[in-house]
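Structure record follows, encoded as structure tokens.
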Amino acid sequence: MSRNTNTLMAFVLGAAMGGIAALLLAPDKGEVTRRRLREGGSRGLRRGRDAVTNAATSLEEDAREKGQAVSDAVHQRVNAARGAVSEAKEAYRREMDKP
């Protein structure tokens with residue numbers, strides 16, 4: 001996931017820089033260029049927010065899945081330990097009940 005995120009961020013950053021360079025080198029009036037830069041910046045900001053939100057959601061899902069796996073493993077071990085304790089108690093009682 002980290003590699004995909006880095007690739008996506010590099011692509012977005014490269015596209016933004018290319019767009020800015022194209023606008024700055026284009027023969028437009030200053031007002032038009034500034035408006036285009038603002039619009040492009042707003043689009044880039046929205047895309048960046050979306051990318052961060054998607055990455056955070058994915059990370060949250062991964063953490064939730066891994067947390068559930070750890071919880072399941074702990075419950076299995078606790079149940080196994082309870083079973084072993086019960087068996088040990090029963091074996092002790094049998095030994096103590098022998099004449």
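Read-outs throughout are calculated quantities, based only on the coordinates presented, and are distinct from any laboratory measurement. Predicted, not measured: the structure shown is a model, and the values here were computed from it. Positions of Cβ are backbone-derived with ideal geometry, glycine not excepted, and every protein chain shown enters the neighbour counts.
Among 19, 30, 44, whose mean-square fluctuation peaks in a Gaussian network model of the chain (Cα, cutoff 10 Å)?
Checking each option, the largest mean-square fluctuation is seen for 30.
Kindly put 50, 97 in sequence by how many other C-beta atoms sit within 10 Å of each C-beta, fewest to most.
Numbers: 50 11, 97 7.
Ascending Cβ contact count within 10 Å gives the list 97, 50.
For the range 2-97, just list the percent of Cα-Cα distances falling in each 5 Å bin from zero outward, please.
Reading upward from the zero bin: 2, 11, 11, 11, 8, 7, 7, 6, 5, 5, 5, 4, 4, 4, 3, 2, 2, 1, 1, 0, 0.
If you build a Gaussian network model of the chain, linking Cα atoms that sit under 10 Å apart, which residue out of 86, 42, 71 swings the most?
Fluctuation is largest for 86.
When the dipole is taken about the Cα centre of the chain, and only Lys, Arg (+1) and Asp, Glu (-1) are charged at their Cβ, what size is it in debye, to the nearest 20?
That gives the chain a dipole magnitude of about 420 debye.
What lysines could a cross-link reach from residue 89, if we take a straight Cα to Cα line under 22 Å and drop same-chain neighbours fewer than 8 places away?
Correct list for residue 89: 98.
Per residue of the range 87-99, what does 6.51 cos²θ - 1.76 cosθ + 1.60 with θ = phi - 60° give for ³J(HN,Hα)? Whole Hz please, x for Gly and Pro, Karplus curve as stated.
With the stated coefficients, the range 87-99 comes to 5, 5, 4, 5, 5, 5, 4, 4, 5, 6, 7, 5, x Hz.
Just to be sure I understand: with springs between alpha-carbon atoms less than 10 Å apart, which residue in 52, 85, 12 has the highest mean-square fluctuation in the Gaussian network model of the chain?
Residue with maximal mean-square fluctuation among 52, 85, 12: 85.
Karplus couplings for the range 3-19 from phi (6.51 cos²θ - 1.76 cosθ + 1.60, θ = phi - 60°), rounded to Hz, Gly and Pro as x?
Taking θ as phi minus 60°, the curve returns 5, 5, 5, 4, 5, 4, 5, 5, 5, 4, 5, x, 5, 5, 5, x, x Hz for the range 3-19.
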